[in-house]
1. Take residues that are in contact with a Cys (Cβ under 8 Å, 6 or more places away or on another chain) and tell me which of the helices (runs of 4 or more DSSP H) falling wholly in region 138-234 contain 2 or more.
2. Let me spell it out: the conditions are (1) modelled with pLDDT under 95; (2) surrounded by fewer than 18 Cβ atoms within 10 Å (Cβ to Cβ), and V5 meets all of them except one. Which number is the exception?
3. With the structure loaded, tell me whether F180 is farther than 20 Å from I56 by Cα, touching a helix residue (DSSP H, G or I) at 6+ places or on another chain (Cβ under 9 Å) and at pLDDT 95 or above or whether it fails that test.
4. Looking at V161, V181, which is the one that is under 21 Å from the mean Cα position of the chain (by Cα) and buried (at least 19 other Cβ atoms within 10 Å of the Cβ)?
5. Give the residues of region 42-69 that are touching a Gly at 6+ places or on another chain (Cβ under 9 Å) and β-branched (V, I, T), sorted by residue number.
6. Only one residue in E115, E55, E77 is charged (D, E, K, R), part of a helix (DSSP H, G or I) and surrounded by fewer than 18 Cβ atoms within 10 Å (Cβ to Cβ), so which one is that?
7. Could you tell me which residue of region 8-51 is surrounded by the fewest Cβ atoms within 10 Å (Cβ to Cβ), considering only residues that are in a loop (DSSP other than H, G, I, E, B) and small (G, A, S)?
8. Any chance region 60-71 includes a residue that's part of a loop (DSSP other than H, G, I, E, B) and out of contact with any strand residue (DSSP E or B) (no Cβ under 9 Å at 6 or more places or on another chain)?
Amino acid sequence: MDASVRQKLRANLVAVEKRIASACARAGRQRYEVTLLAVTKTVSAEVAALLPEMEILDLAENRPQHLWAKVGTLPPEVRWHLIGHLQRNKIEKTLPLVHEIHSVDSIRLLQALEEQATTYHRTLPVLLEVNASGETSKHGFTPAELPDLVPTLRELKHVQVRGLMTMAALQEPEACRPTFVAMGKLRNQMRTLLVGSHAVEHLSMGMSNDFEIAIEEGATFIRLGSVLFEGIRA
């Protein structure tokens, strides 16, 4: 790998880390409360492989097939997260490779994941995708639907609901704040409703455009791609 790519990535990461730390400080939070997910969809496996060298072990892909292609080329200590839509016919190949799925967007997918996780005798951490912005182009449950899911969620034995995921509308960062505030309230509601059966702790929200606002409003996972790989084309 060209040394200039490594140098640029390290510089980008340093700049991003400063912004994360500042946002945490403004919110009175500790840096360890926020996990940076490096979204590697726009870079090669060779570039992605530089991230573990820089102590970034949580990597994310939008498409299952892209995740499949990269998993085998990176160190086994990498924790892979799927953050895009998962079709049920891709579950069997995806499940053994992922640490966590952030984009569970339907009851049918939940039930299919439960069936496959049972087959593998493993606990599968997932986040429920919420279409908090109400955009028709996005997948996910509506906020109003989630409380009605509670009886179904309580029946799951192998799928562990650990939180919620959303994507704010693409707009000025400050305009995203109401979406993130609403998600925090919804997470707290679901945590109360599911006490004893699931650990609903996480909020996966905030991308390159708005991650600082998301951190200020309680994000525990931020999903960064373009800001991390700016200037890198390899």
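The values are calculated or read from the model by the stated rules, or taken from the named source; none is laboratory data. Small disclaimer: the values here were computed from a predicted structure and weren't measured. As a convention, Cβ positions derive from the backbone with ideal geometry for all residues, glycine included, and neighbour counts pool all protein chains shown.
1. Numbers: elements: 146-154, 177-193, 211-216.
Because the criterion is at least 2 residues that are in contact with a Cys (Cβ under 8 Å, 6 or more places away or on another chain), the helices (runs of 4 or more DSSP H) in region 138-234 that meet it are 211-216.
2. The one condition V5 does not meet is (2).
3. Details: farther than 20 Å from I56 by Cα: yes; touching a helix residue (DSSP H, G or I) at 6+ places or on another chain (Cβ under 9 Å): yes; at pLDDT 95 or above: yes.
It is true that F180 is farther than 20 Å from I56 by Cα, touching a helix residue (DSSP H, G or I) at 6+ places or on another chain (Cβ under 9 Å) and at pLDDT 95 or above.
4. Working: V181 fails: buried (at least 19 other Cβ atoms within 10 Å of the Cβ).
Checking each option against the conditions leaves just V161.
5. T42, V43
6. On the way: E55 fails: part of a helix (DSSP H, G or I); E77 fails: part of a helix (DSSP H, G or I).
Just one listed residue meets the conditions, E115.
7. Step one: of region 8-51, the residues in a loop (DSSP other than H, G, I, E, B) are 28-30, 34, 40-44, 49.
Then drop every residue that is not small (G, A, S), which leaves 28, 44, 49.
Numbers: G28: 7, S44: 15, A49: 18.
So the residue we want is G28.
8. The initial filter retains those residues of region 60-71 that are part of a loop (DSSP other than H, G, I, E, B), namely 62-63.
Narrowing the set further to residues that are out of contact with any strand residue (DSSP E or B) (no Cβ under 9 Å at 6 or more places or on another chain) leaves none.
No: region 60-71 contains no residue that is part of a loop (DSSP other than H, G, I, E, B) and out of contact with any strand residue (DSSP E or B) (no Cβ under 9 Å at 6 or more places or on another chain).
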